[in-house]
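> Structure below; questions to follow.
The values are calculated or read from the model by the stated rules, or taken from the named source; none is laboratory data. Fair warning: this is a prediction, and the values are worked out from it, not measured in the lab. Cβ coordinates were reconstructed from backbone atoms using ideal geometry, including for glycine residues, and neighbour counts include every protein chain displayed. All accessible areas refer to the heavy atoms of the entire protein, side chains included, with ligands and DNA or RNA removed. Shrake-Rupley method; radii C 1.70, N 1.55, O 1.52, S 1.80 Å.
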Amino acid sequence: MSITKRQIRSAKKLKNTTKQKGKYPILLKQVIEVSDIILEILDARFVKEMQNKEIEKLIADRGKKIIYVLNKSDLTRKRDKRLNPRIFVSCIKNTGITELRNKIKEEASKSKKTGRFNRVQVGVIGYPNTGKSSLINLLIGRTSAKTGSDAGFTKGIQKLKLTEDIQLLDSPGVIPSDEYSMTSEEKIAQHVKVGGRSYSQIKNPEIALNEIVKSNKEDLEKFYKIKFNDAEDLIEKIGRKKGFLKKGNEVNSDKAARTVLKDWQLGNIEA
Ligand SMILES: Nc1nc2c(ncn2[C@@H]2O[C@H](COP(=O)(O)OP(=O)(O)OP(=O)(O)O)[C@@H](O)[C@H]2O)c(=O)[nH]1
Ligand SMILES: [Mg+2]
């Protein structure tokens, strides 16, 4: 029996998911070791969920400088004020980028390193899909780091020159190890909510949607201009509205749920 393209694709995705347990956390620790300054990129909507406490401790233990970057600030009015120093940015609206670049230069100037053979190393780390690569491209003013809407896009460390004296290191997104799971539906749903796992990669989109409904029901109602009771009701109404029907006039709930998750993950819905 021959292998279909779909099977190859899903095998590749699975491999990528397992890297979350093995290769990526090791790469992440390497980035911390070689960096002088670390930018932790967090989605401004889900700061707490995305903070990697274990890595933050490693950064502190190694005496490295951390700058918290709260990206996707175009998608929320929330402004978490707990972390210092913090800079709010939006790669889509191109806001906060100059402020961040100046902050990096200011911190780098405190280092004794200079010149192309001894550049200050700035590690760019964070949860999958938070916009690390997009941010690097804006900082350097060129599209050099590859970006994509699926979580797990960057697969290795990439070095990019910011100035003669400063080098940025792009890294693969890592889900904090105490949060990561390949089997717990609850954790997977959480990963989908914050964008660490793609809506197209999961088995049970209804469970993931339920997680979003729990916290953001009103945002969904506003976006779809409908009222609903719970995730099941939302799936039913969206399915009928968009005509996602199966035989017997039943709603194709998998498709309806994934459609909502897609809108959510693409940032169409303000939270
Ligand atoms: N709305 C919004 N979307 C953004 C912003 N920054 C990045 N994105 C989108 O988020 C998605 C992920 O961007 P990437 O730059 O590939 O994210 P990453 O952190 O490098 O992802 P991995 O390499 O998978 O860890 C893309 O679809 C971007 O267009 C932002 O400020 N606002
Ligand atoms: Mg990336």
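> Would you pick out the residues in the stretch 178-198 that are under 12 Å from Ala151 (Cβ atoms) and either in contact with a His (Cβ under 7 Å, 6 or more places away or on another chain) or of a type in the set (Ser, Thr, Tyr) (or both)?
Those that are under 12 Å from Ala151 (Cβ atoms) and either in contact with a His (Cβ under 7 Å, 6 or more places away or on another chain) or of a type in the set (Ser, Thr, Tyr) (or both): Arg197, Ser198.
> Return the only residue of Lys159, Lys64 being under 16 Å from Leu28 (Cα atoms) and open to solvent by less than 80 Å² (accessible area, probe 1.4 Å).
Answer to the check: Lys64.
> Note down all Cβ pairs under 8 Å where the first residue falls in the stretch 21-32 and is without any contact (Cβ under 8 Å) to a residue 60 or more places away in the chain, the second is in a helix (DSSP H, G or I), and they're at least six residues apart or on different chains.
What qualifies is Lys29/Ile55; Lys29/Leu58.
> Further question: Give me a count of the residues in the stretch 127-157 that are more than 10 Å from ligand 1 (Cβ to nearest atom), more than 18 Å from Gln20 (Cα to Cα) and in contact with a Leu (Cβ under 9 Å, 6 or more places away or on another chain).
So the answer is 4.
> Which of the numbered conditions does Leu168 fail, given that it passes all the others? Conditions: (1) open to solvent by less than 30 Å² (accessible area, probe 1.4 Å); (2) within 13 Å of ligand 1 (Cβ to nearest atom); (3) within 27 Å of Glu232 (Cβ to Cβ); (4) touching a Leu at 6+ places or on another chain (Cβ under 9 Å).
(3)
For every residue, the table says whether it meets (1) touching a residue at least 12 places away in the same chain (Cβ under 8 Å); (2) farther than 30 Å from Gln158 by Cβ; (3) open to solvent by 40 Å² or more (accessible area, probe 1.4 Å); (4) among the basic types (Lys, Arg).
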position	(1), (2), (3), (4)
Ser177	yes, no, yes, no
Leu220	yes, yes, no, no
Leu245	no, yes, yes, no
Gly248	no, yes, yes, no
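> Testing Thr98 on (1) under 19 Å from Asn52 (Cβ atoms); (2) more than 11 Å from ligand 1 (Cβ to nearest atom), one condition comes back false. Which one is that?
(1)
> When you scan the stretch 143-156, how many residues do you find that are open to solvent by 60 Å² or more (accessible area, probe 1.4 Å) and either among the acidic types (Asp, Glu) or more than 12 Å from ligand 2 (Cβ to nearest atom) (or both)?
So the count comes out to 1.
Each row is one residue, and each column tells you yes or no for (1) open to solvent by less than 60 Å² (accessible area, probe 1.4 Å); (2) polar (S, T, N, Q).
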position: Gln190; (1), (2): yes, yes
position: Ser200; (1), (2): yes, yes
position: Leu209; (1), (2): yes, no
position: Lys225; (1), (2): no, no
position: Lys242; (1), (2): no, no
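> Pairs, please: C-beta under 7 Å, at least 6 apart or cross-chain, first residue over 8 Å from Ile41 (Cβ atoms) and in the stretch 125-149, second assigned to a helix (DSSP H, G or I) and within 9 Å of ligand 2 (Cβ to nearest atom)?
Ala145/Ser133; Ala145/Ile136; Lys146/Ser133; Thr147/Ser133; Thr147/Ser134
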